[in-house]
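Read through the structure below, which is laid out as structure tokens, and then see the notes.
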Amino acid sequence: MTRPNKIQLAFLRWRKKQSNNRIMPFVLSVVVGLIVGLSAILIKTIIHYFEIYAVYFAPSLLYFLLPLIGFLLVTFLNRTAFTSTAYFSGTKHVVEAIEQHSSVIRFRLIYSKFITTGLTIGFGGSSGVEAAIITSGSAVGSNVGRFLGLGYRLRTLLIGCGVAAGISAVYNAPMGGFIFALETILPEFTPTLLIPLLVSAATGKILFEFIMGEQLRFGVPLADFSYEQIPLIIGLGVLGMFMSVYLLKTYRYCSELFARIRSPYVRALVGGLVLGSIIYLLPPMYGEGYVSINALLNGEEASLFQNSPLALLPRSAWFSLLFFFLVALAKPVSTGICVNSGGEGGYFAPSLITGGLLGYFYFKVVMLLFPFLDLNPATYIFLGMASVFACIMNAPVTAIFLVAEITQSYQLFVPLMLVCAVSYFLKYYKENLSQGVTQPSYRASAKRVDRILLNQLTVRQLTESDGLPVQEEATFRQILEAFSRTNRDILQVQNAQGQLVGVITLNDIRARLSDTTRYDSLLARDLMHAPDVVVDINEPASEVLAKFDKLERWYLPVMRDDKIIGFISKSDLLSQYRTELTRVNRFFR
């Protein structure tokens, strides 16, 4: 165990002086918010300059080659400098780190995804920046907690603070970041989580806006919502659910298709050329896609046709309708190709863009069928964003607040609630009626709470030191005497050097109790066997409980550096779990 440095010692002295244990998380949430705010500024700057110089140096005729260049660069980095972190891909792996790896996230993830995501999007990759900022924010929170020697509980809270600050900064949406962390990252809502998450989200947003100014706000005037449009909103919610199903199936198909290509460089080559060809035909597929949404909001529909061979075709209302239907369907394909063939990024932004394009297409259909209606296209763009995002991210509440904040359309709260409720309910209803379709394990809220509460316990604190080991040469009589002095049903057997060579259980000796003639001739080495399973001192408690249940044992040996240090009891583990379950403030001691 390494000795704490000067900063850690100073922190530990300060922490010891605090009478209120809620002050420390408040202070640390500000620190995490500041660091993640700076990270968000860095990644936006990287993407901005990559976009400028990639486009500046490439002739317009060769734009379709830019994604290929980006994919090859990212593949090279992931195969060399970032090999150990290449697998990490955002929310799913953050939740996995919390549940299965004691909220420990590699330090390198603070910056590695910045570079790879910046290269991907800067060279035209059709993905989102949020996976990088979620990864970086969670890594900042985890490593701040590890550096200061904090336990699992507070490391988990700081991961949530990092994610909230990251989403808040990048999307200029503090409430969206706050709710996203509660809804998808942390296991449950408790009042003690409110202040640190709110403070971290606000800090990240303030710092980002102070330096970079307001970004990703679609500032367009909206008329007051009329309730006569409710049937149209319900229709958009239904359409949003079907679009989300199409998105998920497209992503899955792209993943399976590119997984067949063994060579990562060939995969990048194929994906880059296919995506470049799509961008050549449909320029709105270039990059994240916010430029296209802003163009539609500002009435510049014609700009989406520019530099496309399709612009040479005769224009008509039906052609425009077909074009936007094609663009809405092409966005998920572009994202699936990008993320699975060598690029980096997430599905957060693509779901917003796809929803916005779907909403605009829906608006054009309605206006073609009912030209007498007075509708605002921005309303349906924003509602389409929320509808698809709610289903893709399994976060309907986040969808409502996030879209309201990034679009400044607070007067749409009621229709946002309605469209998200319709689309998400239909998605949930469909999935629960479909045989063989279940929610991902990391989405099961009750299981997540159980895992995280268990992981707040450490194997170290539950281990009972074993003062009664028996030697290989111990006789059956001595083994019986050792069992009589302990309440466990297992004994460890050591060699002369004190190393574990096997274990003896009550079941091993039960059949030989009646043969008293062998009490002094039968030795421990004749009865022992290798343990079915051992527990590492650093293993998560949730994994230990799974071992107990699988083997139907009440005691398991605990190892440290290949040496046994004691046993862990299932009854003690369950007892401590019940204590944690009844605690009011589960994230503070």
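Taken together, the values in this text are just the output of simple stated rules run on the coordinates, not laboratory data. Since the model is a prediction, treat every value here as computed from it, not as a measurement. Glycine gets a Cβ as well: all are built from the backbone with ideal geometry, and neighbour counts include every protein chain shown.
For the range 457-582, build the convex hull from the C-alpha positions and give me its volume per residue in Å³.
On the way: hull volume 12.9 nm³, N = 126.
Spread over its residues, the Cα hull of the range 457-582 gives 102 Å³ apiece.
Taking a 18 Å limit on the Cα-Cα distance, which of the listed pairs LYS92/LYS113; LYS331/LYS427; LYS249/LYS430 fall beyond it? Working shown, then result.
Numbers: LYS92/LYS113 15 Å; LYS331/LYS427 20 Å; LYS249/LYS430 14 Å.
Too far apart for the 18 Å limit: LYS331/LYS427.
Over 20 Å, how big is the tail of the calculated P(r) for the range 104-219, in percent of all Cα pairs? Present the calculation step by step, with values, prior to reporting the outcome.
Values: 2791 of 6670 pairs.
Counting every Cα pair in the range 104-219, those more than 20 Å apart make up 42 percent.
Can you list the aspartates and glutamates whose alpha carbon is less than 14 Å from that of LYS44, not counting same-chain residues fewer than 8 positions off?
List returned: GLU130, GLU209, GLU214, GLU288.
So, counting K/R as plus one and D/E as minus one, what does the shell of residues with Cβ under 11 Å around SER103 add up to? Present the calculation step by step, with values, prior to reporting the outcome.
Details: positive: ARG146, ARG153, ARG155; negative: GLU96, GLU99.
Spelling it out: positives minus negatives among the neighbours equals +1.
Specify which labelled value, from (1) 23.4, 70; (2) 28.8, 103; (3) 25.1, 75, agrees with Rg and Dmax of the Cα atoms in Å derived from the coordinates of the model shown.
Structure-derived value, by its label: (2).
Using Cβ contacts closer than 10 Å as the measure, can you line up PHE210, PHE71 from fewest to most? It would help to have the intermediate numbers written out before the result.
Values: PHE210 10, PHE71 32.
Fewest to most other Cβ atoms nearby, the residues stand as PHE210, PHE71.
Taking the beta-carbon count within 10 Å as an exposure proxy, list PHE305, PHE389 from fewest neighbours to most.
On the way: PHE305 19, PHE389 30.
Least crowded to most crowded, the residues run PHE305, PHE389.
On a C-alpha basis, how far is the centre of the range 77-118 from the centre of the range 491-513 in Å? Whole number, if you could?
Here the two parts' Cα centres lie 43 Å apart.
For helix 130-147, what angle does its Cα long axis make with the longest principal axis of the chain, in degrees from 0 to 90 and rounded to 10?
Helix 130-147 sits roughly 30 degrees off the main axis of the chain.
Enter the per residue convex hull volume of the range 458-502, computed from alpha-carbon coordinates, in Å³ rounded to the nearest integer.
Numbers: hull volume 3.9 nm³, N = 45.
Considering the Cα atoms of the range 458-502, their hull volume per residue is 88 Å³.
In the range 287-332, what GluC sites (Glu not before Pro) fall in a loop by DSSP, with at most 16 other Cβ atoms inside 10 Å? Before the final figure, lay out the partial values.
Values: sites: GLU288, GLU300, GLU301; in loops: GLU288, GLU300.
Here the GluC sites (Glu not before Pro) that fit, given the DSSP loop and packing criteria, are GLU300.
Taking the Cβ of each residue in TYR519, TYR87 as the centre, tally the other Cβ atoms inside 10 Å and list the residues starting with the fewest.
Going from least to most buried by this count: TYR87, TYR519.
Tell me, what is the percent relative contact order of the chain, built from C-alpha pairs under 8 Å that lie six or more residues apart? Walk me through the intermediate numbers first.
Numbers: 992 pairs, mean separation 92.4, N = 589.
Here the relative contact order equals 16 percent.
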